[in-house]
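**Student:** This structure is in structure tokens; I'll ask about it shortly.
The values are calculated or read from the model by the stated rules, or taken from the named source; none is laboratory data. Keep in mind the model is a prediction, meaning the values are calculated, not measured. All Cβ positions, glycine included, derive from the backbone under ideal geometry; neighbour counts span all protein chains shown. The accessibility values were calculated without ligands, DNA or RNA, using every heavy atom of the protein model including side chains. Shrake-Rupley method; radii C 1.70, N 1.55, O 1.52, S 1.80 Å.
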Amino acid sequence: MIRHFLRLIDIPTGDLKHLLSEAARLKADVRRGIRPPILAGKSLGLIFEKPSLRTRVSFEAGMAQLGGTSIFLGDGAMGKREPIADFARTLSGYVDAVVLRTFHHTTIEEFAKHSAVPVINGLSDLSHPCQALGDLLTIQEVFGGIEGKTLVFVGDGNNVARSVAVGCGVFGMRFILAAPEGYGFDNEFLVRYHHSFPKAELILNGSPYHAVDKADVIYTDVWTSMGQESERQERVRKFSGFRVDSALLEHAPAHARVMHCLPAVRGEEVSADVIDGERSIVFQQAENRMHAQKALLAWVME
Ligand code: CP
Ligand code: NVA
């Protein structure tokens, strides 16, 4: 069976645990100057319908560190020049795995249906599983473990929030979403979540000030995701009470750390002093994308 990585919720817990421990091992190897070329001769195709710094470069650099090569196609005019199915059948005859960043999650599903090689979701409107994987590695490093900790996500119940919530469910971390009314998780997601993790604590709480009082991690993301630009003005108005700033941090335990998937809009979802301050771990988080995805690349191409 082909090992696709489309949504975290579809990946068995044992495999996710394996990915995290492999990521930690590969990171330690890089620190010691060891880069085993376990993917020598393999190639990775990348199709991105949206901009990217972290996802694109961490995959390409990670692939190079593992001895493989990558081919970046931009959006490849996928679905415009030829049908997604033809694109997938053709490309998967050349490369050993594909990373896709799309507007619609259904594009990734359609591609995976026709691909002869593993497909990795590099972000869709629905989810961002690679982000969550790197984030779990970061939480493990910073806190020495994940289970029993509390993560409070302040802002939009978006692609990143969904994937992080699932990661928390898998690893026994309490997840609290503080979102404005109408911007929480949809019912379909909640039903599936509770079905997959009957014991998980997922709390939907409108007030960020109340939510952060037992937080180990305070996580935020942009109020307006890629593809939602036309909603920006309305979102800025609705999310104005959901900023991670020093006033909010005063309500959180002193040890709580701030995470953000980046890119950030300073002055909107996070204040400059907080994201650039000593409680922010956002660049450790960004670096860990690469270590986590190296483990993922090895796993899908095994
Ligand atoms: N966090 C993240 O996915 O960043 P990019 O959009 O730069 O890839
Ligand atoms: N929610 C953001 C994440 C960017 C990495 C977006 O989809 O634009």
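**Student:** State all residues of the range 233-263 that are over 24 Å from Gly182 (Cα atoms) and away from ligand 1 (no atom under 16 Å from the Cβ); if no residue qualifies, say none.
**Tutor:** Step one: list which residues in the range 233-263 are over 24 Å from Gly182 (Cα atoms), which gives 246-247, 249-258.
Ser246, Ala247, Leu249, Glu250, His251, Ala252, Pro253, Ala254, His255, Ala256, Arg257 - these are the residues of the range 233-263 that are over 24 Å from Gly182 (Cα atoms) and away from ligand 1 (no atom under 16 Å from the Cβ).
**Student:** Right, next: Here are Arg25, Arg31, Arg81: which of them is over 21 Å from Asn288 (Cβ atoms) and surrounded by fewer than 17 Cβ atoms within 10 Å (Cβ to Cβ)?
**Tutor:** Arg81
**Student:** Run down Leu133, Leu126, Leu137 and say which single residue is open to solvent by 40 Å² or more (accessible area, probe 1.4 Å) and within 12 Å of the chain's Cα centre (by Cα).
**Tutor:** Matching residue, one of Leu133, Leu126, Leu137: Leu126.
**Student:** Just checking, which of Val170, Val236, Val164, Val265 is hydrophobic (A, V, I, L, M, F, W, C) and over 27 Å from Gln284 (Cα atoms)?
**Tutor:** Val236
**Student:** While we're here: What are the residues in the range 169-201 that are small (Gly, Ala, Ser) and in contact with a strand residue (DSSP E or B) (Cβ under 9 Å, 6 or more places away or on another chain), if any? Spell out the reasoning first.
**Tutor:** Residues of the range 169-201 small (Gly, Ala, Ser): 169, 172, 178-179, 182, 184, 196, 200.
Of everything in the range 169-201, those that are small (Gly, Ala, Ser) and in contact with a strand residue (DSSP E or B) (Cβ under 9 Å, 6 or more places away or on another chain) turn out to be Gly169, Ala178, Ala179, Gly184, Ala200.
**Student:** How about the range 29-139: which helices (runs of 4 or more DSSP H) wholly inside it have at least 2 residues that are within 16 Å of ligand 1 (Cβ to nearest atom) and modelled with pLDDT under 95?
**Tutor:** Counting at least 2 such residues, we get no helices (runs of 4 or more DSSP H) at all.
**Student:** Scan the range 67-106 for residues that are closer than 20 Å to Lys42 by Cα and of a type in the set (D, E, K, R) and report the count.
**Tutor:** Counting residues in the range 67-106 that are closer than 20 Å to Lys42 by Cα and of a type in the set (D, E, K, R) gives 2.
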